[in-house]
Amino acid sequence: MSSNAQTVTPRTDIATPKSVSNPFWHDQRKRRIVGDVLSHLLLAVLAVIWVIPIVWVVLESFNKNPGPYNETFFPTEYTLENYTKLFTDTHILNFPRMFMHTLVISIVVCLISVFFVLCVAFCMSRMRFRFRKSFMNIVLVLGMFPGIMSVVVIYFILKSLGLTQGVGVTVALILVYSAGAGAGFYVMKGYMDTIPMSLDEAAYLDGCTRWQVFTKIIIPVCKPMLVYQALTSFLGPWLDFVMAKAIARTQDNYTVALGLYQMLSREYLNDWFARFAAAAVIISVPIAILFIVMQRFYQESMSGAVKASF
């Protein structure tokens with residue numbers, strides 16, 4: 001070996017990896033893994049608890065036994081007869097008429113309610129006028145009272161107007177569900193408050209009117225909230241039972257909620273229980289379609305704003 005060779009000694013000042021030198025890091029990693037496993041197990045159990053009733057209703061809608069009494073939890077024999085009889089056996093309970101009646105009411109109420117809420121929220125968020133805060137406080141206090149308190153009064157008002165029979169029931173339900181929709185402006189107003197006023201000011205400088213700012217700037221930005229408002233406005237009349245029960249007195253004017261309740265009565269239970277499950281599956285279809293069509297707007301917010309120039 002050359003005399004000029006130098007002896008190389010290993011360095012001891014280099015830090016070793018945490019996985020080797022720090023046992024606390026091992027314990028922390030194990031605790032995190034155990035926590036993740038327990039969290040996923042809990043979520044899996046909750047998912048099963050949520051899914052089982054839905055699966056049961058779907059399977060029960062195909063049950064060959066039309067009555068409510070079965071030897072097993074899930075049906076053992078399946079058929080499509082429940083769905084066919086639901087739409088063909090209309091001389092007892094006319095489910096197609098109930099379905100279309102409720103669908104028309106829900107669509108009209110959804111359109112009117114969304115428009116009302118947008119207009120009121122725009123005025124409360126973008127405009128300043130006397131008694132503005134007083135108005136919002138009054139609406140907030142009135143919203144604390146349950147709507148069921150006014151059922152009797154509303155019924156007698158509608159009866160005096162002749163809206164409790166025939167086609168008037170449809171008009172009455174639309175009025176009841178949509179007339180007070182503007183009072184639910186708080187959520188929409190809170191979202192509009194987050195929109196910068198610079199967008200409005202830029203549009204005004206370009207010559208836009210207040211209506212053009214509302215339609216070209218505010219509404220595109222509020223698309224995520226429009227989805228929320230449309231869903232809640234549609235679900236209100238679609239699933240409501242109390243107000244529909246007070247106003248609709250005959251089967252000719254029943255909504256789907258009243259029809260499903262009627263299927264579970266003692267008179268129809270033994271023959272209509274499986275059809276009740278089939279009807280429950282069918283009435284969930286419009287809700288699913290509405291959500292699928294409008295879910296893409298959830299991710300659109302400021303990108304939807306359009307600066308209009310006129």
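Looking only at region 81-91, decide whether some residue is in a helix (DSSP H, G or I), among the basic types (Lys, Arg) and either within 19 Å of residue 268 (Cβ to Cβ) or without any contact (Cβ under 8 Å) to a residue 24 or more places away in the chain (or both). Yes - at least one qualifying residue is present in region 81-91. For region 96-111, a residue qualifies if it is open to solvent by less than 40 Å² (accessible area, probe 1.4 Å) and either farther than 14 Å from residue 290 by Cα or modelled with pLDDT under 90 (or both), and the qualifying residues are 96, 98, 99, 101, 102, 105, 109.
Of all residues being among the aromatic types (Phe, Trp, Tyr) and part of a loop (DSSP other than H, G, I, E, B) in region 131-156, which is most open to solvent (accessible area, probe 1.4 Å)? Just the residue, please. Steps first, answer last, please.
First pass over region 131-156, keeping only residues among the aromatic types (Phe, Trp, Tyr): 131, 135, 145, 155-156.
After this cut, where a residue has to be part of a loop (DSSP other than H, G, I, E, B) as well, the list is 131, 145.
Details: 131: 138, 145: 118 Å².
Ranking the candidates gives 131 first.
Would you confirm whether any residue within region 233-249 is under 23 Å from residue 186 (Cβ atoms) and polar (S, T, N, Q)? Yes: one or more hits. In the set (1) within 24 Å of residue 103 (Cα to Cα); (2) of a type in the set (A, V, I, L, M); (3) touching a Gly at 6+ places or on another chain (Cβ under 9 Å); (4) open to solvent by less than 60 Å² (accessible area, probe 1.4 Å), residue 169 fails one condition alone, (3). The set of residues in region 204-229 that are free of Cβ contacts under 8 Å to residues at least 12 places away in the same chain and in a loop (DSSP other than H, G, I, E, B) contains only 209.
For region 112-130, which residues satisfy the criterion of being loosely packed, with under 15 Cβ neighbours inside 10 Å and in contact (Cβ under 8 Å) with a residue 12 or more places away in the chain? Scanning region 112-130 gives a single hit, 119.
If you check 35, 67 for being more than 19 Å from residue 270 (Cβ to Cβ) and of a type in the set (Gly, Ala, Ser), only one passes: 35.
For residue 220, the stated conditions hold: it is under 16 Å from residue 117 (Cα atoms) and in contact with a Gly (Cβ under 8 Å, 6 or more places away or on another chain).
Here are some residues: 64, 85. Which one is touching a Ser or Thr at 6+ places or on another chain (Cβ under 7 Å), at pLDDT below 90 and at negative phi? Before the answer, list the steps.
Numbers: 85 fails: touching a Ser or Thr at 6+ places or on another chain (Cβ under 7 Å).
Unique residue meeting the criteria: 64.
Could you tell me whether any residue of region 214-231 is small (Gly, Ala, Ser) and closer than 21 Å to residue 108 by Cβ? Yes: region 214-231 contains one or more residues that are small (Gly, Ala, Ser) and closer than 21 Å to residue 108 by Cβ.
The values are calculated or read from the model by the stated rules, or taken from the named source; none is laboratory data. No experiment lies behind these values; they were computed from the predicted model shown. Please note: Cβ atoms are built from the backbone with ideal geometry, for glycine as well, and neighbour counts cover all protein chains shown. Heavy atoms of the whole protein, side chains included, go into the accessibility calculation; ligands, DNA and RNA do not. Shrake-Rupley method; radii C 1.70, N 1.55, O 1.52, S 1.80 Å.
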